[in-house]
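Contents: one structure, followed by commentary.
The values are calculated or read from the model by the stated rules, or taken from the named source; none is laboratory data. Predicted model only: the values in this text are computed from it and were never measured. FYI the Cβ positions are ideal-geometry reconstructions off the backbone, even for glycines, and counts take in every protein chain you see. For accessibility, only protein heavy atoms count, side chains too; no ligands or nucleic acids. Shrake-Rupley method; radii C 1.70, N 1.55, O 1.52, S 1.80 Å.
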Amino acid sequence: MGQPPLGQPPVGQPGYGYPQQPGPYGAQPGPYNQPGPYGQQPGPYNQPGPYGPQPGAYQQPGPYGAQPGPYGGGYPPQQFPGGPTPPPGGGGKKFFSGKPGLITAAVVAGLLVIGGGTWFALSGDDGKDEPAVAKTTPPGPDDSATASPDDGDGSGGRPAEDDLNAGRKAGESKVWVATNDVDLPSLGSHAFGPWFAGDTVIKAMYKKIQAYSVTDGKPKWSLPVAGEVCGAPKAPTTDGKIVLAYMNGTDDRADCNQLQMIDLNTGKAGWKKEIAQHGDFDLFSDVTLAISGNTLAVGRTSNADGYQVSDGKHLFGNVPGDCQPTGFTSGPQLYAAELCPDGANTPQGQFQQIDPLTGKAKWTYKLPKDWKVDKVYSANPLVISIRNYDDDKKWNVLALNANGTLRSHMAGGKDTFTVNCGGTFTLQDKTLEDCIGMTADANTFYMSTAASNDSTSATNEVIAYNLNTGKAKWRSKSPAGRTMDPLRMDGGKIVVYMPAGYDTGGEVGTIAATGGAPAIVQKHSSSTAEIESTFFSGTMAYQDGRYYLMETFLAGGKDDSELKEKTMMVFSN
């Protein structure tokens with residue numbers, strides 16, 4: 001399929017990308033330099049421990065190529081050679097040299113959560129007064145303040161006679177599978193997680209939170225929620241606290257405006273609160289949550305609020321001015337993407353670092369007119385994807401310095417890439433961190449190319465890009481008949497996943513930071529390949545040597561069929 005030409009945004013004026021003056025979302029100098037094509041995902045993917053900080057970067061896994069099994073679907077692969085030349089008088093570095101490039105991002109019904117997990121955060125202003133509507137309610141007897149322990153049989157919810165390890169060969173990983181135990185509504189429900197606390201992995205679906213032993217899938221505790229869960233951060237606080245959003249009713253007029261704090265270590269419910277509403281046009285249809293330190297950032301269509309995770313205290317809210325948040329990312333730092341209308345229906349995008357205690361902007365990076373930040377591929381180091389507001393096929397990617405100035409933009413050359421970001425069957429479409437197939441360390445950005453289609457044995461490559469120059473450093477080709485995608489950084493190496501086929505189990509490998517062929521560190525059993533390859537809307541995590549695959553959406557149906565649906569699959573050596 002031919003690639004449409006990439007329309008490059010004009011390079012910005014001097015002054016953009018520099019730290020801004022005090023004041024919430026303070027006025028920014030002229031337009032910013034424009035980044036180049038590429039994408040990787042930010043977020044705590046390259047992190048040691050469950051969503052724990054990773055040396056060098058809060059990386060996110062990147063786009064999955066359109067796979068024949070799970071993660072199938074999405075846009076066709078895209079290519080982006082070169083980039084725009086700065087117009088006369090433009091200050092700062094130019095993003096590309098040579099012809100304008102283009103990339104087509106693939107959007108699939110899948111979200112990847114690797115190692116450190118994805119962070120979703122939302123910005124706000126420095127509003128000091130807590131709105132009267134935002135009130136804290138201590139949990140009562142009906143709130144199931146403490147989770148009930150589950151006396152499981154170690155089968156992870158699957159039938160006892162279904163021994164998935166019976167066909168495992170020497171050298172292949174052990175596996176356990178959890179099946180659904182929630183009575184779903186007719187339209188189905190989304191799942192959130194996985195989150196980790198010690199030797200426990202936790203997910204939320206519909207009106208229930210369920211914890212499993214990571215070693216054998218035995219249910220450890222469960223906690224009911226007062227309404228359907230409709231939003232959640234991708235990572236808890238460092239001490240295992242998380243806050244979920246849930247619906248305030250079951251009819252078409254219900255809002256996603258209720259918050260519930262939970263201690264994932266114990267399954268105990270904490271404070272509950274209704275999200276503050278700022279005017280009649282403050283809608284709760286697209287609510288996203290993120291945690292940065294002890295701050296929970298809550299964003300929606302045109303407003304954002306901050307709360308303390310520990311006690312629910314309101315920190316900031318009611319974003320001032322015309323620039324409104326469209327997505328957020330958090331971790332050690334809290335970032336927000338915003339759109340600023342100019343009266344001509346051609347909004348201008350900007351990217352900010354936010355003070356998690358006040359909601360004020362620490363610096364702002366403005367994009368050229370008609371361009372927006374659509375994804376953050378890495379939060380540390382900062383790598384962001386920008387897209388044309390009117391033509392989604394026009395895509396550029398750049399790296400920023402910690403102070404918001406331009407570092408580089410990736411030179412894609414003639415390579416074709418497939419960027420898969422949250423799709424139809426997830427609630428993460430509006431978030432900044434929901435992509436699969438990339439990661440980064442302090443000085444290098446790693447991204448996978450689209451699968452070759454010139455033979456029956458499709459392969460692809462992982463390309464390493466120098467973040468200081470945007471130029472490719474090396475390439476690593478996948479084994480014959482395999483494709484691979486970066487998941488996270490671990491011990492200075494790139495962890496990659498090679499998807500399963502119908503009769504071939506998946507594999508986890510590592511690539512040295514200096515390049516070379518991938519070394520296989522985990523081989524999944526061919527006897528469970530059919531199950532592994534048919535997780536339709538899977539989220540993935542690689543944590544402490546275990547690979548997790550979790551469904552993010554289950555369709556409703558008859559009770560007997562619902563309870564046979566597989567919701568999580570975990571491999572370990």
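Counting just the residues of region 211-264 that are outside any strand (DSSP E or B) and of a type in the set (Lys, Arg), which one comes out least open to solvent (accessible area, probe 1.4 Å)?
Among them, the one singled out is Lys234.
What number of residues within region 479-498 satisfy the criterion of being assigned to a loop (DSSP other than H, G, I, E, B) and surrounded by fewer than 24 Cβ atoms within 10 Å (Cβ to Cβ)? Quick ask: steps written out before the conclusion?
Going residue by residue through region 479-498, those that are assigned to a loop (DSSP other than H, G, I, E, B) are 479-484, 491-492.
Of the ones still in play, those that are also surrounded by fewer than 24 Cβ atoms within 10 Å (Cβ to Cβ) are 479-482, 491-492.
Within region 479-498, residues that are assigned to a loop (DSSP other than H, G, I, E, B) and surrounded by fewer than 24 Cβ atoms within 10 Å (Cβ to Cβ) number 6.
I need a count of the residues in region 561-573 that are assigned to a strand (DSSP E or B) and not small (Gly, Ala, Ser).
6
If the requirement is being open to solvent by 50 Å² or more (accessible area, probe 1.4 Å) and in contact with a Ser or Thr (Cβ under 8 Å, 6 or more places away or on another chain), which of these qualifies: Lys414, Lys375, Lys393?
Lys393
Name the residue that is farthest from His278 (Cα to Cα), counting only residues in region 294-306 that are touching a Pro at 6+ places or on another chain (Cβ under 6 Å) and small (Gly, Ala, Ser).
Across region 294-306, the extreme among qualifying residues is Gly299.
Of the conditions (1) free of Cβ contacts under 8 Å to residues at least 40 places away in the same chain; (2) open to solvent by less than 10 Å² (accessible area, probe 1.4 Å); (3) under 29 Å from Ala379 (Cα atoms), Ile511 fails just one. Which one is it?
So Ile511 meets the others, but not (1).
Considering only region 281-321, state which residues are part of a loop (DSSP other than H, G, I, E, B), crowded, with 17+ Cβ neighbours inside 10 Å and among the acidic types (Asp, Glu).
Asp282, Asp286
Going through Gly404, Gly327, Gly349 one at a time, which residue ends up being open to solvent by less than 40 Å² (accessible area, probe 1.4 Å), part of a loop (DSSP other than H, G, I, E, B) and in contact with a strand residue (DSSP E or B) (Cβ under 8 Å, 6 or more places away or on another chain)?
The unique qualifying residue is Gly404.
Kindly establish whether Lys362 is in contact (Cβ under 8 Å) with a residue 12 or more places away in the chain, surrounded by fewer than 24 Cβ atoms within 10 Å (Cβ to Cβ) and either under 18 Å from the mean Cα position of the chain (by Cα) or part of a loop (DSSP other than H, G, I, E, B) (or both). First the steps, then the outcome.
Working: in contact (Cβ under 8 Å) with a residue 12 or more places away in the chain: yes; surrounded by fewer than 24 Cβ atoms within 10 Å (Cβ to Cβ): yes; either under 18 Å from the mean Cα position of the chain (by Cα) or part of a loop (DSSP other than H, G, I, E, B) (or both): no.
No.
For region 316-327, check the following and say yes or no: at least one residue is more than 22 Å from the chain's Cα centre (by Cα) and of a type in the set (Asp, Glu).
For region 316-327, residues more than 22 Å from the chain's Cα centre (by Cα) and of a type in the set (Asp, Glu): present.
Matching residues to (1) in contact with an Asp or Glu (Cβ under 9 Å, 6 or more places away or on another chain); (2) charged (D, E, K, R); (3) within 17 Å of Asn466 (Cα to Cα):
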| position | (1), (2), (3) |
| --- | --- |
| Leu367 | no, no, no |
| Trp371 | no, no, no |
| Lys375 | yes, yes, no |
| Ile384 | yes, no, yes |
| Asn403 | no, no, no |
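Can you name every residue in region 517-573 that is in contact with a Phe, Trp or Tyr (Cβ under 6 Å, 6 or more places away or on another chain), within 23 Å of Cys230 (Cα to Cα) and either surrounded by fewer than 22 Cβ atoms within 10 Å (Cβ to Cβ) or of a type in the set (Gly, Ala, Ser) (or both)?
Those that are in contact with a Phe, Trp or Tyr (Cβ under 6 Å, 6 or more places away or on another chain), within 23 Å of Cys230 (Cα to Cα) and either surrounded by fewer than 22 Cβ atoms within 10 Å (Cβ to Cβ) or of a type in the set (Gly, Ala, Ser) (or both): Ser537, Ala541, Phe553.
Name the residue that is least open to solvent (accessible area, probe 1.4 Å), counting only residues in region 158-210 that are of a type in the set (Asp, Glu) and in a loop (DSSP other than H, G, I, E, B).
The qualifying residue least open to solvent (accessible area, probe 1.4 Å) is Asp162.
Does Leu244 satisfy being modelled with pLDDT of 95 or more and within 26 Å of Gly327 (Cα to Cα)?
yes
I need the full set of residues from region 531-560 which are farther than 20 Å from Val508 by Cβ and part of a strand (DSSP E or B), in order please.
Across region 531-560, the qualifying residues are Phe553, Leu554.
If you check Gly343 against the conditions, is it under 25 Å from Lys393 (Cα atoms) and open to solvent by 60 Å² or more (accessible area, probe 1.4 Å)? Before you say what the answer is, go through the steps one by one.
Numbers: under 25 Å from Lys393 (Cα atoms): yes; open to solvent by 60 Å² or more (accessible area, probe 1.4 Å): yes.
In short, yes.
Could you tell me whether Ser572 is under 27 Å from Lys208 (Cα atoms) and either out of contact with any Cys (no Cβ under 7 Å at 6 or more places or on another chain) or at pLDDT 90 or above (or both)? So that I can check it myself, show each step before the final result.
Details: under 27 Å from Lys208 (Cα atoms): yes; either out of contact with any Cys (no Cβ under 7 Å at 6 or more places or on another chain) or at pLDDT 90 or above (or both): yes.
Against the criterion (under 27 Å from Lys208 (Cα atoms) and either out of contact with any Cys (no Cβ under 7 Å at 6 or more places or on another chain) or at pLDDT 90 or above (or both)), Ser572 qualifies.
From the list Asp559, Asp490, exactly one residue is acidic (Asp, Glu) and touching a Pro at 6+ places or on another chain (Cβ under 8 Å). Which is it?
Just a single option satisfies the conditions, and that option is Asp490.
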